[in-house]
Structure formats: structure tokens, C-alpha cells
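Below is one structure, written out as C-alpha cells; the observations come after it.
Read-outs: derived from the displayed coordinates by stated rules, not from any lab. Treat the numbers as computed from the prediction; the structure is a model and nothing was measured. Ideal geometry is used to build each Cβ from the backbone, glycine not excepted, and the neighbour counts take in all protein chains shown.
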Amino acid sequence: MIHTRGLTRSFRAKGETVEAVRGLDLDIEAGSVVAFLGPNGAGKTTSLRMLTTLLPPTSGSAVVAGYDVLTDPSGVRHRIGYLGQGNSAGSNFRVSDELITQGRAYGLSRAGSRARAESLLAALELEGLAKRTVGTLSGGQRRRLDIALALVHEPELLFLDEPTTGLDPHSRATVWEHVLRLREELGTTIVFTTHYLEEADLWARRVMVVDHGRVIADDSPEKLKAGLAGDRIILGTADRADAGRAVELARALPTVHEVTADGTEVRVRTPHGDTQLPVLLRNLEAAGVRTLTARLTRPTLDDVFLGLTGRTLRESAGATTATATHDGA
Ligand SMILES: Nc1ncnc2c1ncn2[C@@H]1O[C@H](COP(=O)(O)OP(=O)(O)O)[C@@H](O)[C@H]1O
Ligand SMILES: [Mg+2]
């Protein structure tokens, strides 16, 4: 559905060159749900704007939904839907009229665009709001309308740039439920950007971690977490002598990365915490080690980002918010 090679974009701003996207090589299969996860300024919006033909690349190539973004931008545009970061429908029009106008703009007949508007309102559970003006909708309802607008021409591929930023957690979940139901019903390929770790983790089957214009990791959330951070077993023992013996027993496990002790607490990093923990507990018991508590913690995508960059995504998001003002451009 998407193939890019060396896709690059730089900007000249105040005599300086900003390399927003540096050599993106992508192959995205039809029907997938892919997240671009990265801090503000990582190059997510710039990547999406090149793939949606809104911004010409400085160099490189991209074929999207079978059409070349450089030589056949209108071929691309007819097959994709795009929800830009923070963009929204005009506020004085009625919800149903917005959808009908959009359908007409894509060449549907009057009756056809009316029917399409009705089915989209139903799909995104906006029926009750059809007669309301857009300005009266809540943030979450408005985002769902934006998504409906991006779907009027039944695109095979939907790009969503930070679709839930600024929404409360409940509205975020509702937006995702709707997006994923559409995907199940229509097989739409979905590419979205986010700086919410949980969102990439929950909804994407493939996560591309981007930082400073480059993809620094690309895999399923499960594999990213298993490969980089591993699980962590944390044992509380009765005293330091028990902790020392627990360290030895943990080191003897077949798949263990690292074992450390801090007072009576023993920490074990392993890629397979769920199978290693019961084995370890049995061995501790057999050796007479007094184990008072045992916890298994799973790594998060934040651990992954930290492992890759030495920064947490939350820190980076805060540190570079100033660059986010370019996003509306
Ligand atoms: N129109 C522009 N002019 C100058 N610099 C830009 C422009 N658009 C984006 N940038 C810069 O390119 C980098 C990537 O921005 P962007 O793609 O918006 O990142 P993200 O969407 O991941 O937050 C940032 O450093 C940003 O300041
Ligand atoms: Mg952005």
C-alpha cells in the first residue's frame, strides 16, 4: 500500500537548514494499522504530508496506493483520506451538510452524497447530531466528524495525524473504537501519528519509532518491548543473606539478562518473565530462601524509547514543545 525509498525533506528557516525527514524507507502492507510514534519535532507530520502529496519531498520516492506522489498526485489523493493535525470542519454548518458538501466535492451525486453521509453518521455514532452545527460539538464528536469527512470517498488508506491529541481519555478510546471498527468492516489501511505511548501500544500492530527525522525502530509493540527492555522480576527477600542466595539462583536461570540486588530487593531482567518467575519461585522455595514478595513488570514503549535514545518520550515531548508551533503550517 505504501512504498518509499530515501524519502527526505528539509526546510530552510532563518538561514538554517532543518532536516525534518532523513531518508524514510517504508513498506506498508494493505490492511495494516501502523503508528508513527515520536516526540514533537520528530518529523511525523512532515512524513504524512509527503505521503499525502501535500508537501513535495526534497529527494527520494514514494508510491502510495499504487500511485507515485510526484508524477500522479491526484491518483494518490482519490484513494486516500487524510485527517490533518488539528484541522477541523467549519463551525457554522450543520454536521450533515458538511458531509454532503464533501461528498459533492468528490463527485458523488446529490442522492449519493446524502446516502453516504447517513451511513457515515451511523458508523461514527453521530446520527443524533446530524442537525447540530459543527461549532456546538464536543472535542471528541468533532474529531469523529473529521474522520467521517476523511472517509466520504471510501479511501483504501487513511492517514490520521495525532487524531486524539487534546481529547480526554474517554473520547480518545471512543475515537479508536470507531476507527478500528471501520478497519474491520472495510479493510482500510490506517497510518497514524501519536506521541501517546499507550495509544501506539494499544491500537497499532506495527510501530515505527521516529526521532530526529529517522525511523529508529520498527516492529510490533510486543516485539519492541520484548527485544529491548525485557520483563523485570522484582523479589522482596527476608534479609540480605536470602537476597544473596536469590541472586545466585536467578543467575542460574536459562534466560536471564541481568540480576541486581539492592538490600533485600532482587531485580531480574529476562525476556520471558512469565515462564521464568514460577521456575525461580520453586527454586527459591527448594533452597529455603525466604521470599516475601514477587512482582513481574512488563516493559512499556517508554522503556523502548529510553533504551534507543537515552531520553524518555515524555521528557522529549516537554523539551521541544516550541517546535510544535510549526505543525499547523
Ligand atoms: N514549514 C516548515 N518550515 C520550517 N521548519 C519546519 C516546517 N515544518 C516542519 N518543520 C520542522 O521540521 C521538523 C519536523 O516537524 P514535524 O514533521 O512537524 O514533526 P512532528 O509532527 O513529529 O512533531 C521540526 O524541527 C519542525 O520545526
Ligand atoms: Mg506533528
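Quick notes on this structure:
- Normalised by 2.2 N^0.38 Å, where N counts its residues, the alpha-carbon radius of gyration of the chain equals 1.22.
- Whichever lysines have a C-alpha closer than 24 Å to that of Lys223, once near sequence neighbours (fewer than 8 apart) are set aside: Lys44
- Förster-model FRET efficiency, 22 Å R0, Ala287 and His257, C-beta, rounded to 0.05: 0.50
- The alpha-carbon of Lys225 sits under 15 angstrom from the alpha-carbons of these aspartates and glutamates, leaving out residues fewer than 8 places away in its chain: Glu198, Glu199, Asp201, Asp274, Asp302, Asp303.
- With at most 15 neighbouring Cβ atoms within 10 Å, loop GluC sites (Glu not before Pro) (DSSP) excluded, longest segment of the chain: 126-329
- Once divided by 2.2 N^0.38 Å, the Cα radius of gyration of the stretch 139-256 becomes 1.55.
- The smallest convex shape that holds all Cα atoms of the stretch 69-154, its convex hull, gives 91 Å³ per residue.
- Within the chain, the selection of entire DSSP H helices by a Cα span of 27 Å or greater along the long axis and an average Kyte-Doolittle value of at least 1.6 returns an empty list.
- Normalising by residue count, the stretch 8-144 has a Cα convex hull of 155 Å³ per residue.
- Along the chain, the longest continuous region that contains none of the trypsin sites (Lys or Arg not before Pro) in a DSSP loop with at most 11 other C-beta atoms within 10 Å is 132-329.
- Counting only residues at least eight positions apart within a chain, or on another chain, the aspartates and glutamates with an alpha carbon under 15 Å from that of Lys131 are Asp97, Glu98, Glu118.
- Taking the centroid of alpha carbons for each part, the stretch 191-237 and the stretch 68-145 are 32 Å apart.
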